[in-house]
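Some notes on the structure that comes next.
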Amino acid sequence: MTAVTRGDEMANPSAPKKNHSLIEDFLAYVCGGLMIAMGVLLFEKVGIITGGAAGMALILSKVSPFSFGMSFFLINLPFYALAWMKMGARFTINSFFSVALVSVLSDYLHLFVEVNSIDPLFASVMGGFLIAMGVLAFFRHRSSVGGVGIMAVFLQERYGIRAGKFQMGVDLSILVTAFFIMPVNLIFLSIVGAIVVNLLLTLNHKPGRYQIT
């Protein structure tokens, strides 16, 4: 069930938690998908990457014939079994739909938006904001767009490996890989974008604020 607002919780801690309607979920997924796709568009425009599955997809799109959308969709496929076991059927189905939506929007957003010129530092910060807000929209409606997060939860519960350390290790591995295919200034901007994403998620996505089961 999803959480009620903090104001409602303070006024009546025993107030029943209500599910979002299908139309509310759908609109949230479209808004979240568009924000993430726009953030990815800004990142791609200046040639930078980010962490997690999106970072892997951006790197794969640079060294293979696959687009970001196709790469992102394929990379997330192995994680759905873990999501089903750990998060339940609805969360898994929602996440599959969300990933597919982000993949399609990312590949075709350029048909509606053309960015001719943008400051690289602004692109890294603004792109990070957009991606983080999109991810939060999915979280709020019992969904996700990152297989790495699901794997982190699994490893923590099964083997005691801290989820944060695992995700940090994945992001560092992505950045190390980027050194072989990207100039140093773009790696720096990628780090700035990744910090923005993680900072916004850390400040706004806290235990107990959203329930995804």
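The values are calculated or read from the model by the stated rules, or taken from the named source; none is laboratory data. In this text the structure is predicted, and so the values were computed from the model without any measurement. Note that we place each Cβ from the backbone using ideal geometry, even for glycine, and neighbour counts take in every protein chain shown.
Annotations for the structure displayed:
- Meets criteria (surrounded by fewer than 21 Cβ atoms within 10 Å (Cβ to Cβ), over 16 Å from residue 129 (Cα atoms), at pLDDT 90 or above and among the aliphatic types (A, V, I, L, M)) for residue 60: yes
- Extreme residue, modelled with the lowest pLDDT, among residues of the range 1-56 that are of a type in the set (Ser, Thr, Tyr) and surrounded by 14 or more Cβ atoms within 10 Å (Cβ to Cβ): 2
- Picking from residues in the range 105-119 that are without any contact (Cβ under 8 Å) to a residue 60 or more places away in the chain and closer than 21 Å to residue 53 by Cβ, the one that is surrounded by the fewest Cβ atoms within 10 Å (Cβ to Cβ) is 108.
- All conditions in (1) on the phi > 0 side of the Ramachandran plot; (2) more than 14 Å from the chain's Cα centre (by Cα) hold for residue 142, with the sole exception of (2).
- The set of residues from the range 64-88 being at pLDDT 90 or above and part of a helix (DSSP H, G or I) comprises 68, 69, 70, 71, 72, 73, 74, 75, 76, 77.
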